[in-house]
Amino acid sequence: MWGSIAISDFLTKSESWVTVEPDGQYKQITARLWGKGLTLRGEVPGSAIAAARQYCAKAGQFLLSRIDARHGAYGIVPEELDGALVSNDFPCFDIDASKVLPHYFEWYSRTPEFIDLCRRASEGSTNRVRMKEDKFLRMMVPLPSLDEQRRIVEKLDRVAALVDARRNAIEAAGRETQALLLKAFQRAIDGAPLRPMAEVAPLVRREVEIEATREYTEIGVRSFYNGIFHRRTMPGSEFSWQSLFWVKEGDLVFSNLMAWEKAIAVAEAHDEGTVGNHRMLTCEVNPKLATPGFLMAYFRTYEGFSSIVGHSPGTIARNKTLSSKKLPTILVPTPPVETQKWFDRLRAKTQEAHAIRANTAQDVESLIPAMLHEIFNGGAKAA
C-alpha cells in the first residue's frame, strides 16, 4: 500500500548563491520540456552574465523553471552540471533521500501526473505564468516505501537501458543503410556522362490562366529535403496579383529562395494539379535520360548540393537565389536509365526498411511512458 507525501516534506529550497566574477568561466543549464531533463546550455565568461549573483546548482538537486515547469521543464542536476549557474527563475531544491530517493523522484517527475501538478501550481496571465513555489510545495505525490522505491528504480533503469540499446541499434542500422545506398549511387554514376539540366530536366513553366471563382492549391518546398507541402487553397481572385504555374507528378521542384537550404523535392501523385508561384522552379524530367528519384538522389549528395549552392549567388538568405537562368546550366550525371531505375528500386527498399525501423522506434519509445503509467497510476490509486 502506497502512502502520499507533501513535496515540502522532502524538498528544501537551496540558497546557495555565488557572486559572478567577470573573469570567471561558468556553465549554464537548459531545462528541456516534457520531463526530458537538464542539459548544458553552454559555458560563458562572467562578463556575459548580467546578474551580480546567481544560484549555484549542485549535483543531485531538483531544479525547475518557474516559467516552464508547467511544460515539464525540470530535472535532477547531473554530475556534469555540478556548479553550473542559474538565475532566480530556476530554483534548486535539496532532496531528503531518507524519505524519497532522488532517482525515484526523477522517474516520477516524468509522468503526465507530475507535469499536471506543476501546471496546477502555476498562475498568472498568458505571458506571465509562473510557478508559485508555496503552492507547488504543498502538492502531494505518491510515496511507496524506500524498498519499493528502489525496486521501481531498478525496474525502470533496466528497461531504460534496453530501450537505449535498441534505439542505438536502430540508429546504427539506419546509418549503415544510408552508407550502403550512397556507395550504390556512387557505383551507378561512376564514369557516367554529365549533361546540363536544360537537357535532362528542363525548366518548364505551365502558366495557369487564373479563373476568379476556381480554387487553387499552392505549394511550397520545405528545407532540408523535407518534401512539398500544400500551403493554402484559395479562389483565383486571391491570386490575381501574381503568376501561377501548374505542378505535375514527377516534377523536380526547387524553391529558388531556399534551394541553398536544401528546399528541393519531387512532386508526388497527391501534388498533381497544384500550383506554384514564380519562386517554385519546376523541372520536367526527360524519361529517356533520367528518373526524378535518381536526380533527387544526386542533389542530396555533397557534389549535387554543392552545385546548387555554387549556382545560388548572394551573401545573405534573401539574396542567395537559384535563378531560372542558372539552374539549367547545372551538370548532372546520367548513367543508363535502366541503371537509374535499379537504383530507384534499391532506394525504395531502403525507404521501406526505414519506415519499419521508424515504427519499431516509436514502439520502443512508447514503452517507458507505458511503464510509468502502469507503475505510478497503480500506486496513486492504491494511495
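Mind pulling the angle between the C-alpha long axis of helix 146-189 and the longest principal axis of the chain? Nearest 10 degrees, somewhere in 0 to 90.
20 degrees
So what is the accessible area of the chain per residue, in Å², with the probe set to 1.4 Å?
53 Å²
Relative to the Cα centre, what is the charge dipole magnitude of the range 249-355, using +1 at the beta carbon of each Lys and Arg, -1 at the beta carbon of each Asp and Glu, and rounding to the nearest 20 debye?
Using only the charged Cβ atoms, the result is roughly 440 debye.
What order, most packed first, do the peptides 261-269, 82-90 have when packing is the mean number of other Cβ atoms within 10 Å of each residue?
Ranking the peptides 261-269, 82-90 by packing returns 261-269, 82-90.
Counting only other residues whose beta carbon sits under 12 Å from that of Val163, what net charge do I get with K and R as +1, D and E as -1?
-1
Taking 7 Å along the Cα-to-C-beta vector as the label spot, tell me the Arg150-Ser98 distance in nanometres, rounded to one decimal.
1.7 nm
With runs of 4+ DSSP H residues as the only contributors, calculate the mean residue ellipticity of the chain at 222 nm using -39,500 (n - 2.57) per run, divided by the residue total and rounded to the nearest 500.
That comes out to -10500 deg cm²/dmol.
What net charge do the residues around Thr39 carry, taking every other residue with its C-beta under 12 Å from that of Thr39, with Lys and Arg at +1 and Asp and Glu at -1?
The answer is +3.
How far apart, in nm, are two points set 7 Å out from the Cα along the Cα-to-Cβ line at Thr39 and at Ala212?
5.4 nm
Summarise the accessible area of the chain (1.4 Å probe, protein heavy atoms) by the percent that is carbon and sulfur.
52 percent
Give me the extension gain from Glu113 to Lys13: residue separation times 0.36 nm, minus the current Cα-Cα distance, reported in nm with one decimal.
33.8 nm
Of the options Ala165, Val221, Ala184, report the single residue whose Cα projects farthest towards the positive end of the charge dipole of the range 154-223 (beta-carbon charges: Lys, Arg +1; Asp, Glu -1).
The listed residue farthest towards the positive side: Ala165.
For the pairs Lys288/Lys325; Lys183/Lys341; Lys36/Lys132; Lys27/Lys155, note any where the Cα-Cα span goes beyond 25 Å.
Correct reply: Lys27/Lys155.
Can you compute the label reach from Gln351? Point 7 Å from Cα along the Cβ direction, backbone N cut-off under 15 Å, restricted to the range 276-319.
291-300
For the range 123-165, what is the charge dipole size about the Cα centre, in debye to the nearest 20, if Lys and Arg each add +1 at the Cβ and Asp and Glu each add -1 at the Cβ?
It comes to approximately 220 debye.
For Cα Rg over 2.2 N^0.38 Å, which listed value, [x] 1.34; [y] 1.08; [z] 0.99, comes from the coordinates shown?
Computed from the coordinates, Cα Rg over 2.2 N^0.38 Å corresponds to [x].
Which listed residue (His270, Gln362, Pro328) has the Cα farthest towards the positive end of the charge dipole for the range 263-383, taking +1 on Lys and Arg C-beta and -1 on Asp and Glu C-beta about the Cα centre?
The Cα lying farthest towards the positive end belongs to Pro328.
Against the longest principal axis of the chain, how steep is helix 337-365, in degrees 0 to 90 to the nearest 10, with axes from Cα atoms?
With both axes taken from Cα atoms, the answer is about 10 degrees.
Summing +1 for each Lys or Arg and -1 for each Asp or Glu, what net charge is found among the other residues whose Cβ lies under 12 Å from the Cβ of Gln242?
The answer is -2.
The values are calculated or read from the model by the stated rules, or taken from the named source; none is laboratory data. None of the values given here were measured: they were computed from a predicted structure. We place every Cβ from the backbone using ideal geometry, glycine too, and count neighbours over all the protein chains shown. Calculation scope for accessible area: heavy atoms of the full protein, side chains included, ligands and nucleic acids excluded. Shrake-Rupley method; radii C 1.70, N 1.55, O 1.52, S 1.80 Å.
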